[in-house]
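J.: Handing you a structure now.
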Amino acid sequence: MTNKNNFPDELSSSMTGGRLRRYAKVTSAMGGLAARLAGEKYLGIKIDREQHASDLRAALGGLKGPLMKVAQILSTIPDAIPREYVNELSHLQANAPSMGWLFVKRRMKAELGENWLTNFKDFDKQASAAASLGQVHFAESKEGEKLACKLQYPDMGSAVQADLKQLKLIFSLYEKYDSAISTKDIHEELSDRLKEELDYSHEIRNLKLYRLMLSNQSEITLPEPVEDLSTSRLLTMTRVHGIKIMDFINDNSEMKIRNQVAMNMFKAWYIPFYKFGIIHGDPHLGNYTIRHDGGVNLMDFGCIRIFRPDFVTGVIELYKALRDGNEEQAVNAYKRWGFENPSKELISVLNIWANFIYQPLLEDKVRLINPSESGQYGRETAEKVHEELKKIGGVKPPREFVLMDRAAVGLGSVFMHLKAEVNWYRIFHDLVGDFSESTLSKKQQQALKKSGLDSY
């Protein structure tokens, strides 16, 4: 017998049982954390957060599913969760053990039918990469074209729902001992983006959108979807060739090419944002590779954020407010972002973070993205902001802020690794010099319609 996913019942029940046992471990770890935090808060009993964070990481590391992906995203959003937990969660690896060949054959049969293998001249039995939602197999079409097939693990819909409940518990525990940041909108944003990632037909539309937006950028390569070999749970694309960013950094000491990589990554993320109001929300190291000439290959398009044109105007308006010291303009910019009735005290605190993020764009000179010797991009500033937020009663960040901040921090970290020395001011002004909200709105609607996302 088979279940709704076309897998043998014994296989499905075995997987479900294993997942339930792993969730039990996580829930136990969470319960322990809740008890310890309550003891610390109400009884003055100090806990060893570092040790407990290590225990929690061990529990989370046993899950092959979306909670691992969420943890990675949270680890780069300043103060979304306590620092001790960030330090541990940031070590969670995306490369989980892959499904075996027998299992892969069953999954491919479920997606492409009984004779699925006849669609390929060659199909690698061993996965080239295994991540939180699925794994990738290299293949070759009958015409000899090199392909990459991303195959989703079974029953990921229920896994996402279960993981998001665990995430909600993490957030509720956090707010019990620290109310500096309200996590409700953060949870909702991550929930919606994760659910979108489950639908590979949606990712194909995202890929088409990015191919359209970056069509004039020869320094940025994107795969081409192969739709007749794709489903909502299988995404087949042409294969792009490059090396991992950290391998590139280790193999290239020449600053000229490092700087070129940094500029190309800046363009890959911010041309779509400032020209179309769209951003790639997950600059995870596994989502791109580097070409031998310093060009960038983008490969994963599951986590895409489409912004209101008004929000993008707010981003540029805040830049001008910081440049000119215009407090009234800053207030208006934050309102455009979605901060409700921001007080003078809140604006002052938000500007601490904004000045850090915008600083490289405010100086017309070649410079490092962050001259600090700190190992984590923005950590010192984030801690200062966090303390100030607690003093004024906390803040509820708007949903749109989550992935915008994620992109800025994630790219900043890469630029720090590259030790890139670039005139960020010039790159930024080249992008926004002719900015018009009405033009962006028109281009956004046209691009979404052409790529099949007009009903987004």
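J.: Between SER232 and SER253, 0.36 nm times their residue separation minus their Cα-Cα distance comes to what?
T.: This chain segment gains 3.4 nm when fully extended.
J.: With every protein chain present, what accessible area does SER253 have (1.4 Å probe, heavy atoms only), rounded to the nearest 10 Å²?
T.: The accessible area comes out at roughly 110 Å².
J.: Same structure again: Just to confirm, what accessible area per residue do you get for the stretch 312-456 at 1.4 Å probe, in whole Å²?
T.: It amounts to 48 Å² per residue over the stretch 312-456.
J.: Give, in nm to one decimal, the length gained when the segment between ILE352 and LYS391 is fully stretched (0.36 nm per residue of separation minus the Cα-Cα distance).
T.: 12.6 nm
J.: Please report, as a whole percent, how much of the solvent-accessible surface of the stretch 247-380 comes from carbon and sulfur atoms (probe radius 1.4 Å).
T.: 47
J.: With label points built 7 Å along Cα→Cβ from the Cα atoms of ASN341 and GLU196, find their separation and express it in nm.
T.: Rounded to a tenth, the inter-label distance reads 3.1 nm.
J.: Continuing with this model, one more query. Counting heavy atoms of the protein chains only and a 1.4 Å probe, report the per residue accessible area for the stretch 214-255 as a whole number of Å².
T.: Roughly 55 Å² per residue, with all protein chains present.
J.: Only Lys, Arg, Asp and Glu count, each charged at its Cβ (+1, +1, -1, -1), so figure out the dipole size of the stretch 340-383 about its Cα centre, rounded to 20 debye.
T.: 120
J.: Here's something else I'd like to know. Determine the gain in length on full extension of the stretch LEU368-PHE435; use 0.36 nm per residue of separation and subtract their C-alpha separation, reporting nm with one decimal.
T.: 21.5 nm
J.: Considering only Cα-Cα distances, which of the following residue pairs are longer than 26 Å: LYS195/LYS449; LYS208/LYS275; LYS396/LYS419?
T.: LYS396/LYS419
J.: Additional query: Starting from the residue with the highest accessible area, list HIS187, HIS429, HIS280 in decreasing order, probe 1.4 Å.
T.: In descending accessible area the options line up as HIS429, HIS187, HIS280.
J.: Let me ask something additional. Set the Förster distance to 60 Å, then compute FRET efficiency between TYR425 and THR118 from the Cβ-Cβ distance, nearest 0.05.
T.: Rounded to the nearest 0.05, the efficiency is 0.60.
J.: Compute the distance in nm between two label points, each set 7 Å from the Cα along the Cα-to-Cβ direction, one at SER172 and one at GLU383.
T.: A separation of 3.1 nm, rounded to one decimal place.
The values are calculated or read from the model by the stated rules, or taken from the named source; none is laboratory data. Computed from a predicted structure; not experimentally measured. Here the Cβ is made from the backbone with ideal geometry for all residues, glycine too, and neighbour counts use every protein chain on show. Areas reflect the complete protein model, heavy atoms only, side chains present, ligands, DNA and RNA absent. Shrake-Rupley method; radii C 1.70, N 1.55, O 1.52, S 1.80 Å.
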